[in-house]
Each structure stands twice: as structure tokens, then as C-alpha cells.
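See structure below.
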Amino acid sequence: MSRIRLGMVGGGNDAFIGAVHRIASRIDDRYELVAGALSSTPEKSRASGQAIGLPEDRIYDDYKQMAIREARLKNGIEAVAIVTPNHVHFAAAREFLKRGIHVICDKPLTSTMADARKFVKAVESSDALFVLTHNYTGYPMVRQAREMISAGDIGAIRVVQVEYPQDWLSEEQDFKQAAWRTDPERSGAGGSTGDIGTHAHNLACFVTGLTVESLAADLQAFVSGRQLDDNGHVMLRFRGGARGMLWCSQVAPGNENALRLRVYGEKGGLEWSQENPNQLWFTPLGEPKRLITRNGAGAGDAAARMSRVPPGHPEGYLEGFANIYSEAAEAIAAKREGREPAAEVTYPGILDGLKGMQFVDACVRSSSRNSAWVDLPD
């Protein structure tokens, strides 16, 4: 099967996430990066494109120029990865979607609810696919937990606890990644809620299959002068009666990337931690805890499909990203060949992005009203 011709918007020399997407796209050899508008200035874009070996005539000054020319080329890009700050996501994606080029976009969906609604319409009116890179949904043991819950192994869900603490913004930081994430013009209304809270929200909903019905949020900006929240506690009510709590923080010393999910049902519980991603703890009610490992005893088909290396060898962040890219590749290839994609393809899409934006919006509104309960759209 020929590789999918991929372009990239953003992700230049001083951008961490661009390199992650490039590596992820190549792990399973399904893509070839052939074009890019890699920075907000022509000079930086050209320098970044040259540094990663793009052809000179496929390095663009801006994403609109890139979308127009690539759509006309016989060997133009089939898909584009958008890895810019949040406020650029919609404008860039729209240029490619309307020309039938598939879009793989970093999360959160965008920076404002107004753009999120326009985004949905742009995707629905395009024949192109849209993929949102909530990469933690690509971890093998996350898929294992989802499969077990769907099979009824823990019974009807009662309690969902999800947390995502980090410590890297505990003090004011003066570098690019910190600057745009704490700027409401580029990041949006949510700070930690938008940056990592959306990951926690998405993970909880993806694994359990539940939808948040209403929430009550208490958000803070602990660092002096910071305009966006750097910590948030959120009480959750799910449709169907389950209850939950979400904590996101970027000012929790001692936590590097401590995403953790616990789900408790009538018949048992499940626990998963991103920093030990190849382990899933399963506790049937009244029985000892059982450790399920990736590709080990007790792991099922869903985990196996997401795994590449033998048991006991760690898989994690880059491979999780790669799984989303490879599922997107299968969907793109199926569309190219006029067939249905493989039944197991499950990647976050536009509605997941919209729900994430609605989550952030509801958190901000709730916190501004002294943590009043706010309903989320159905």
C-alpha cells in the first residue's frame, strides 16, 4: 500500500509537539511527510522545512498558500497535520477541508465556542475526514479497559475518578510552550482545563462510554498575574446516574505527567495510570486485585491491536500517538480505495472535539458563578 502523502501546519524548529507528530506518523510506515507551512513567519517556516529535509518547492510561507497549491498538484498531500497553538486550528483546518484534504488536528479543537460550532459545520460539509489527536485513547490498556467495561466486567458504572496533575507551570515560565498556553488569545478560555483537562475528560468518556450531563467547577490561577486557570476541581454528573470527579493541575510539584483513571461499577473496579501505561488493575468485587499487562494474561483483542512489541517491553506516549495516526491511515486508505475501514478503527473525531470545548466552556461558566452546576448540551 502506498504511503499517505502528509503535510504539516505548525511544528517548526522550536515546537515540541511537531516532532512528536512526525515520529508518530512514521512508526507504522503509513505516511510520508512531503510539504509544510511550519511556522508563523516565512523565514522560520523555510528554515524549519529545510531542517527536516522537505523539498524547497513544498515549503510554504503560510497554510492558505499551501492548501491552494497542494490541492492542485497531481501528487499533492492527501492529509495534513495541524499542530499550531489552539487559535489557529479552525482557520487552518477550514482551508484544507474545503479542498477535500483530510485533517489530523492536535487538541483541544480550537480556542472559542464560536469557532468550535463553525468547525463542526466545516467538517460536516466536507468529504474529508477529521481526526483529533487525543493520543491517550491509543494506549493498549486504555483500549483494554474500554473493552472490559463494554463487556460488562465491572457492571453498571457508579463512580469515575480522573486526574491529570503536572508541575511544569508552578512558577512563571518564559518560553514558547508556556507563553501561548497561558495566553487567552491563543489558548482560549481554559488554561489547565483546556490543555490537560480536556485529555482527562475525553479519557473518562472514551473508556466508560458515558457522557457528562452537568458539572460544577472550581478553577484557580495560583501563579500571580496568570490570566488562565492553572488548577481545577470539577464535580461530574453523567447521563444514566454515574458520578465523578476530575482534577487537572499544572502547579502540583512532584507530578510530571500523572494522568490517572479509576472506574468503579457494581461488580468491580479498574485503575490505570499513564506513567505505568502497560498495567491495568482489575478488582472484581470481593476478590483480590488482578494485574493485567499489555499482551499478558487477561489482555484481550483490543489491547493486542494497539501493541507492537513483545510482552514486558514498554509502549507508551509515542506509540499511543502512532495508534491514532495508524487508525486514521486505515480510514483514509479505505476512502481512497472506496471500501469500508476495518471494523476496529476507533479514533477521536469532530464531536469529541466539540464535547471537549463544551466541557471547558461549562467549567469556566460554573467557576465564575461560584461553582454552580451547569448543564452540558445534549
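The values are calculated or read from the model by the stated rules, or taken from the named source; none is laboratory data. Everything numeric in this text was worked out from a predicted model, so none of it was measured. Every residue, glycine as well, gets a Cβ built from its backbone with ideal geometry; the counts of neighbours run over all protein chains shown.
Points worth noting:
- GLY190 meets the conditions (1) crowded, with 24+ Cβ neighbours inside 10 Å; (2) under 30 Å from GLY298 (Cβ atoms) in every case but one. The failed one is (2).
- Condition met for ALA217 (in a helix (DSSP H, G or I) and in contact with a strand residue (DSSP E or B) (Cβ under 8 Å, 6 or more places away or on another chain)): no
- Filter pass, SER40 being buried (at least 16 other Cβ atoms within 10 Å of the Cβ) and among the hydroxyl-bearing types (Ser, Thr, Tyr): no
- Filter result for the condition that a residue is of a type in the set (Phe, Trp, Tyr) and more than 28 Å from GLY190 (Cβ to Cβ), over PHE321, PHE238, PHE282: PHE282
- Check on THR346, in contact (Cβ under 8 Å) with a residue 12 or more places away in the chain, outside any helix (DSSP H, G or I) and not assigned by TED's automatic domain parsing to the domain that holds SER192: yes
- Any hit, the stretch 160-172, residues being among the hydroxyl-bearing types (Ser, Thr, Tyr), farther than 22 Å from GLY265 by Cα and within 18 Å of the chain's Cα centre (by Cα): no
- Count - residues of the stretch 8-67 that are touching a residue at least 24 places away in the same chain (Cβ under 8 Å), out of contact with any strand residue (DSSP E or B) (no Cβ under 8 Å at 6 or more places or on another chain) and of a type in the set (Asp, Glu): 3
- Where helices (runs of 4 or more DSSP H) fall entirely within the stretch 85-193, none has at least 3 residues that are without any contact (Cβ under 8 Å) to a residue 12 or more places away in the chain, of a type in the set (Asp, Glu) and closer than 25 Å to SER40 by Cα.
- Under the condition of being closer than 20 Å to SER326 by Cβ and touching a helix residue (DSSP H, G or I) at 6+ places or on another chain (Cβ under 8 Å), the residues counted in the stretch 280-313 number 12.
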